[in-house]
1. Quick one: what pairs do we get from region 53-72, first residue part of a loop (DSSP other than H, G, I, E, B), second crowded, with 19+ Cβ neighbours inside 10 Å, C-beta under 8 Å, 6+ apart or different chains?
2. Being in contact (Cβ under 8 Å) with a residue 12 or more places away in the chain, surrounded by fewer than 17 Cβ atoms within 10 Å (Cβ to Cβ), among the aliphatic types (A, V, I, L, M) and part of a strand (DSSP E or B), is that true of even one residue in region 22-38?
3. Take region 1-21 and flag every residue that is among the charged types (D, E, K, R) and surrounded by 10 or more Cβ atoms within 10 Å (Cβ to Cβ).
4. Quick one: would you say Gly8 is within 10 Å of the chain's Cα centre (by Cα) and not aliphatic (A, V, I, L, M)?
Amino acid sequence: MNRNSLSGTIRKNIQIGDEVSIVQKHHQRSGELTEGFVKRILTSAPTHPHGIKVMLDTGEVGRVKEVFQEED
């Protein structure tokens, strides 16, 4: 299986339960990414230049850099 990724700056690319990589506020300088599954979408705007803000199922909050999609 290959993984494709969608941009995290467009809200319609992100669904609850999707696997994503986010950058948390305190990691913005380093760019360190955290991977997890979307629990809540916190940004109401259709797009955001730095990424849509989400909460992962672990409770971590950050802006989406990539949305992973499984490919058959």
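1. Every condition considered, the pairs that remain are Asp57/Val38; Glu60/Ile22.
2. yes
3. Arg3, Arg11, Asp18, Glu19
4. yes
Since every read-out is calculated from the coordinates, none of them should be taken as a lab result. These numbers come from a predicted model, not from an experiment. Positions of Cβ are generated from backbone atoms using ideal geometry, with glycine treated the same way; all protein chains shown enter the neighbour counts.
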